[in-house]
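Down below is the structure, laid out as structure tokens.
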Amino acid sequence: MSEDTILLAGGGIAGLTAALALQRRGRRVVVLEQTARIGNVGAGITLRETASRSLYSLGLKDRLDATSDKPRPGAALDYRTGAPLAGSLGQRNWVATDFADVHMLHRADLFRLLKDAIDAHDPHAVQLDSRVTAFTQDDEGVTVTLADGRSLRGAALIGCDGLRSAVRGLLFGEAAPRRTGIVAYRFLVPLEQARPYAKALGMSVGPRASLSRYLIQQGTVVNCVAFAHGVDITEEGWNRHATRAELLDLFAGWHEDVIGLASCAPLETTACWALYDRDPLQTWVRGRVGLLGDAAHPVLPFLGFGAALGIEDAIVLARAFEAKVDPAEALKTYEAARRDRANAILLESRRQGEIFRAGPDGASDIPPHERESRAPYDPLTAAL
């Protein structure tokens, strides 16, 4: 393997986007993904404008448009009555034309879109069943050791391996992430089955939970996402499935549309998992090894910014490697361009989660002057 190769640990959305962005700038990449299959789990995802425009720059606009749905009018609703909430939260109605570059789609569709584009450059770039367990670096490159005993050599190693990043642990020796006490639920209901209960889209807000729902897969599926506190679940990932009794208990006393959707949830794919959090890091880079996406800044999902930040990272990383000959210098350039924004949104997402925890009677939003997530930003032109 060439020592010019960029090694990426993790084949999630951020890692695949980084791989494609580097390929488009002439770099050879190898993605080391520990699972046996890319994108075999998940539900709906919303791509914000910065993420969508980043993917456009990689030649994916037509496929993204063909695969995704646009936002539809919605509001924050009272969990009992289904009526729009009073105050600023309930007034957040929108029309689709306000979000021409926002896309809603199934995660599996986005994984497929990214991997197909990577494979078109190099069908051997993504290596499955490849878990990073160790690395060493010197002045000439990085040597990575995998769980099966293989070693690979490259110019740099980028940890894109999520909240419990092995690369982050090897770099900084951090303790385990902190449990937030909040549990996420995700389930998909075919529209034909959900139609009697899908008269209103948007987010229902109750005293101990919220439920968002929107259409994906060309309007044929209702994607449902709930966040709840006071639930005794500690498992992570997509492997734990909610029972019908758990869902109905969570939404007991809620509007009939919510109860109806919960009653339709396909239990074999209804995932629930505990949310964990980490404090911001002040550096993501040591020498030729760096972090990207949730490995660098694991963002709680209350602003819908996790995928967007990882995609932004990927674009800036590729620009930095294009601008700098030395990989260590490229990584420092990338970090300097991204750290403040990503860490600010990490803290803002945490704060928004505290607001959700307060329920419909608490504060409804972060003050406008403190919303880093809504500041104008373009990873394609941001200063390096």
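The values are calculated or read from the model by the stated rules, or taken from the named source; none is laboratory data. In this text, all values refer to a predicted model and were calculated from it rather than measured experimentally. Cβ: placed from backbone, ideal geometry, glycine included. Neighbour counts: every protein chain shown. Areas reflect the complete protein model, heavy atoms only, side chains present, ligands, DNA and RNA absent. Shrake-Rupley method; radii C 1.70, N 1.55, O 1.52, S 1.80 Å.
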Between Ala120 and Ile355, what is the spin-label point distance in nm, taking each point 7 Å from the Cα along the Cα→C-beta axis? 3.9
So if I take the centroid of the Cα atoms in region 215-234 and the same for region 286-315, what is the distance between those two points in Å? 22
Would you list which lysines come within 23 Å of Lys332, measuring only between C-alpha atoms, while excluding same-chain residues fewer than 8 positions from it? Lys324
For Lys199, counting only aspartates and glutamates whose alpha-carbon sits under 14 Å away and dropping same-chain residues fewer than eight positions off, the answer is Glu256, Asp257
Diffusion constant of region 212-369 at 4 °C, which comes from Stokes-Einstein with the Kirkwood Cα-pair radius and 1.567 mPa s, µm²/s: 71
Working from Cα positions, state the angle (0 to 90°, nearest 10) between the long axis of helix 306-323 and the longest principal axis of the chain. 20
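On average, how much accessible surface per residue is there in region 168-296, in Å², for a 1.4 Å probe, leaving out ligands, DNA and RNA? Before the final figure, lay out each step's value.
On the way: 5070 Å² over 129 residues.
Normalised by residue count, the accessible surface of region 168-296 is 39 Å².
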Rank these by accessible area, largest first, 1.4 Å probe: His106, His297, His241. His241, His106, His297
With the dipole of region 3-59 defined by +1 on each Lys or Arg Cβ and -1 on each Asp or Glu Cβ, the option from Ile38, Ala51, Gly10 whose Cα lies farthest towards the positive pole is Ala51
Tell me, what HN-Hα J-couplings in whole Hz come from the Karplus equation 6.51 cos²θ - 1.76 cosθ + 1.60 at θ = phi - 60° for each residue of region 349-355, using x for Gly and Pro? 5, 4, 5, 5, x, 5, 5
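Using a 1.4 angstrom probe on heavy atoms only, work out the carbon and sulfur share of the accessible area of region 183-296 in %.
C and S fraction of accessible area: 53 percent.
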Largest first, what is the accessible-area ranking of Arg28, Arg341 with a 1.4 Å probe? Arg28, Arg341
Considering only protein heavy atoms, what is the solvent-accessible area of Arg24 at a probe of 1.4 Å, reported in Å² to the nearest 10? 110
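Compute the relative contact order of the chain as a whole-number percentage, counting only Cα pairs closer than 8 Å that sit 6 or more residues apart in sequence.
Working: 800 pairs, mean separation 80.2, N = 384.
Value for the chain: 21 percent.
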Using the Karplus equation 6.51 cos²θ - 1.76 cosθ + 1.60 (θ = phi - 60°), what ³J(HN,Hα) coupling, rounded to whole Hz, does each residue of region 264-273 give in order, writing x for Gly and Pro? 8, 4, x, 5, 5, 10, 8, 8, 9, 7
Please turn the phi angles of region 58-72 into ³J(HN,Hα) values with the Karplus equation 6.51 cos²θ - 1.76 cosθ + 1.60 (θ = phi - 60°), one per residue in order, whole Hz, x for glycine and proline. 9, x, 9, 4, 4, 5, 5, 4, 6, 9, 10, 10, 9, x, 10
Hey, what angle do you get for helix 13-24 against the long axis of the chain, alpha-carbon based, 0 to 90 degrees rounded to 10? 40
Those lysines that a straight Cα-Cα span of less than 17 Å connects to Lys115, excepting residues fewer than 8 apart in one chain: Lys61
